[in-house]
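Novice: First the structure, then my questions, so here it is.
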Amino acid sequence: MDRRARFACNACRRLKRKCPKELPSCSLCIRLEKRCEYPPRARGLHENASHEVSTSSESPNGDDDWQLLSHTPTELHSAFRKGAVPGRGDVHAFPAMFFLDSEVCVKPLSSDSAQPITPIPSFISLPPEPLMVYQKYFSTIHQWLPILSKKRVRQHMVEIGTAAPDSPLNLLYLCMKLVSEPLPREVSARAYKPYMRVLETLLKVENSRLPCLQLLQSVILISVFEISHAIYPAAYLRAGHASRLCIMMGFHDRKYATQLFKDPITWTAREEERRAWWAVFCLDSQGVVGFSLSTPEPSPGELLPCPETPWNEGGVGFNEPLFAASFSSNTSLGSFANVCQAAHVLGRVLRHRSDLHNSSVDLGFRLSEAKQLHQILASLTAHLSDVFRESSSLGGSASVSLALCFTARLCLYDIYACNEKYSTDHGRSSEEAEVQRAAVAGIFEVVECIWQLARQILDSIQHGGEDELNALSPLLCHCLYAAAGESEWLLLEQENSVGGQWLKDIVTLLRLIGERWQIAGVYLSEIYTWPGYQSFMRL
């Protein structure tokens, strides 16, 4: 049997010398009296197998987990490199070298999503309070942010009574409850007791447990609450928090990024991870429109979430690629996949805007990119408008995808629409003038489309009542606010224009959203100070 390692030892790798790879120590390290260690992947299969047998036989009752907790960080790191399995879910066993030198810690950990979920028979009912949270969450938040698997959550809800207070499961349950229940009137979201309790539980979980999918899902829901109630700068920082968790676990790039956990064994668990990553990307692009993004660009081979029918029914769906030839041909896309497409293009627009003052970017290239983004957004608008017309719930994901698309268009057009802005000392080039004309025309087109969207949602609320109102997403608010600003500008330019009616309907919808989400009230407080709005209200 070959007694050589598959890869060089750490000392030879650091010194960039050819390693003889002898086991247990190479001859070069022995000659130089150096400590010789191999990364876990370098050891032969026979050695790993024998080590696993020995560790599993040493402490059948789990005493080795307790011993791991009593060791120093250096001893824990050595134990990890030798293949020891950390105590299940305990952060004290996490190897710091994963961050300090990721090439040393290449052995993925087992995750909760890698564990099989036992199906719960339909005749087994959930306890009353978890059942109420389950039903409320999936009838409201899930309609526009479908990141949780119904069958997996139902399994977890059965176990919630026995979950530890500092467990990721309990944190996720508290977060689902937090975002599902409306705030009491006249209560500040920042001082809301359930929100404070969630933050305390988050701190305990992060200080005592290993990172996991449930932790990431919890941080996403906390970010939803903070964005939806305008708890800034916490909402901005939370988006970065969620992004860092995704990057640490490798969810953003399955092919090339270092993976913290082993691959999940079920399609549902992998789809939950994919939806968590896309939710972070969407919240980052929407919640911090005025700042640069913390999430990286999706990888070229990134897949979109599957359609909602198999996802909601607990089946297995098909995932379309993000980068497709056209939008109109993707008839199999689900509504959340459309949201992800729109968020991706919005992210490209925001990155395009951040490059405006980058002198290394050629003007011709920048204008060419602006034209390309304009064409992509026009095509995406046509596709999403068709989807919206066929949607049964106008306040769910179908309206969110359109809102993100409209926000991207207004951000892009605002860069080039102003007559006073040009890039050279000699005035605008002919190419800039062409882009400027397209931007001005695009603003009028998009604002009218946003008003039509607001009008359809208002009519739907009038006929559907409280259910339609509860399904409204706070992610509509920035799009409505941007359209209100353009409507007020049109009203100031032309007193008898349609801008007055547009502004009135948009404000009405923001007021309705404000009954559920406080961010709408923040936007309204600004709108009420506008001269155009004040003069219109006096008529």
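The values are calculated or read from the model by the stated rules, or taken from the named source; none is laboratory data. Since we're looking at a predicted model, the values are computed, not measured. With ideal geometry, Cβ positions are generated from the backbone for all residues, glycine too; neighbour counts draw on all protein chains shown. Note: accessible area is taken over every heavy atom of the protein model, side chains too, but ligands, DNA and RNA are not part of it. Shrake-Rupley method; radii C 1.70, N 1.55, O 1.52, S 1.80 Å.
Novice: Pick out, from L260, L172, I227, the residue whose Cα sits farthest towards the positive end of the charge dipole of the stretch 113-266, with +1 on the Cβ of Lys and Arg and -1 on the Cβ of Asp and Glu.
Specialist: Projecting each Cα onto the dipole axis, the largest value belongs to L260.
Novice: Using Cα positions and a limit of under 30 Å, work out the lysines in reach of K136, with same-chain residues fewer than 8 apart set aside.
Specialist: K150, K151, K177, K193, K204
Novice: Now a separate question. Take the alpha-carbon positions of the stretch 427-504, form their convex hull, and give its projected area averaged over all directions (one quarter of the hull surface) in nm².
Specialist: 6.6 nm²
Novice: For the stretch 446-539, calculate the relative contact order in percent as a whole number, restricting contacts to Cα pairs under 8 Å that are 6 or more residues apart. Don't skip to the answer; put the middle values down first.
Specialist: Values: 79 pairs, mean separation 28.7, N = 94.
Relative CO of the stretch 446-539 lands at 31 percent.
Novice: What is the spin-label model distance, in nm, from E448 to E37 if the labels are put 7 Å beyond Cα along the C-beta direction?
Specialist: 6.9 nm
Novice: Starting from the coordinates of the alpha-carbon atoms of the stretch 240-279, obtain the Kirkwood hydrodynamic radius over all distinct pairs and give the value in Å to one decimal.
Specialist: 10.3 Å
Novice: By accessible area of protein heavy atoms, probe 1.4 Å, what ranking do W530, W267 get, highest first?
Specialist: Numbers: W530 35, W267 65 Å².
Listed by decreasing accessible area, they come as W267, W530.
Novice: Taking the alpha carbon gyration tensor of the stretch 450-489, what are the square roots of 5 times its eigenvalues, largest first, to the nearest whole Å?
Specialist: Semi-axis lengths for the stretch 450-489 are 22, 12, 6 Å.
Novice: Here is a further query. Report V158's accessible area, 1.4 Å probe, all protein chains in place, as a number in Å² to the nearest 10.
Specialist: Accessible area of V158: about 60 Å².
Novice: Ok, one more. By its C-alpha gyration tensor, with a ≥ b ≥ c as the square roots of the eigenvalues, how is the stretch 237-316 shaped: rounded for a/c under 1.5, else prolate for a/b larger than b/c, else oblate?
Specialist: It is oblate, given that a/c is not under 1.5 and a/b is not larger than b/c.
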